[in-house]
Every structure is written in C-alpha cells, then in structure tokens.
C-alpha cells in the first residue's frame, strides 16, 4: 500500500536531484527494498510521508556523491564535479553557485522562520505537522512561511530568472 501510494511521487522527487528518470526509479526502488527489509525494526518518529521523502532525498544525495567524478583528473586543484554527462562545467558551476547562494539566503532567515521553511520545503512536512512539532499554531506556520518566501525572494532577486528557467 505504501509503495503504491508513494512510488511515483518519490520518483519525481528523486529526479529533481539526479535529473535522470531511470536513476530516480532505481534510487526509489532500492530505497523501498531496504525499507521493506527493515520494516520490523524501523522506528519512524516523524510522519511516514516525511520519513519517505527525507530518506529518498538522502539516497539521491548519496547517489550523486558516490557517482560524481572530477571533471579534470589532470589538474589536482580542480574541485568541480560533473554529475550528468550532458552537463557542462559551466552548468555544474552555476548549479553549485546557486546552491551556495540559496543556502546562505536560508541561513539569513530568523530562527523560527528558517525552521518552518526547512521543515516544509526540505522535509516535506505539512503545516499541521510543523505546528505540532514546533508547538506553534498553524497560523504562525503560515505567517513564518510567508515571511520566509518574501525574504528569500528579495535575497535571491538577482538569481530569480535563472531559478525560474531551471525549474520551468
């Protein structure tokens, strides 16, 4: 039942990281295989949905880490990684720069605002779950998300056209 309900959404989610549908499907299938094997001993403290998405995110990042290759093996000073053969060094650098800029913008958010944003956008939690976890009202969660998005829009305004292009 869990597999039927979450397989497709998790594949879409994994594909956002690895940008390859067949690899995303492999990541999710491998995750579910391990999930099934460990089902008796698992102690999921968050919602099942959050657990699944967080686990697939981690599996995707592990895949990227394990399959990254150095672009120039001759130059020991090069730290650029290429994850997809169709990527260029420029694409990789641009992605890395955007990730750093986004991380810095998120770090600038006030603590509660940041906590709500991270739980919603990166952990996939619903407003109700966040409210319960942080012991705040759902209205506070909505307000903090609104503030976070406003501040991030301002902070990332110079990169908005690139972000929209990449997401579109």
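The values are calculated or read from the model by the stated rules, or taken from the named source; none is laboratory data. Keep in mind it's a predicted model, so treat the numbers as computed, not measured. With ideal geometry, Cβ positions are generated from the backbone for all residues, glycine too; neighbour counts draw on all protein chains shown.
Here are some notes:
Matching residues to (1) within 20 Å of the chain's Cα centre (by Cα); (2) modelled with pLDDT of 85 or more; (3) not assigned by TED's automatic domain parsing to the domain that holds residue 53:
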| residue | (1), (2), (3) |
| --- | --- |
| 116 | yes, yes, yes |
| 122 | yes, no, yes |
| 130 | yes, yes, yes |
| 134 | no, yes, yes |
| 137 | no, yes, yes |
| 142 | no, yes, yes |
| 159 | yes, no, yes |
| 167 | yes, no, yes |
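- Residue match in the range 89-106 (condition: touching a helix residue (DSSP H, G or I) at 6+ places or on another chain (Cβ under 7 Å), assigned to a loop (DSSP other than H, G, I, E, B), assigned by TED's automatic domain parsing to the domain that holds residue 129 and modelled with pLDDT of 85 or more): no
- Matching residues in the range 8-29 - criterion: being modelled with pLDDT of 85 or more, surrounded by 13 or more Cβ atoms within 10 Å (Cβ to Cβ) and over 20 Å from residue 126 (Cβ atoms): 11, 14, 23, 24, 25, 26, 27, 28, 29
- You will find that of 55, 59, 41, 86, the residue that is part of a loop (DSSP other than H, G, I, E, B) and at pLDDT 70 or above is 41 and no other.
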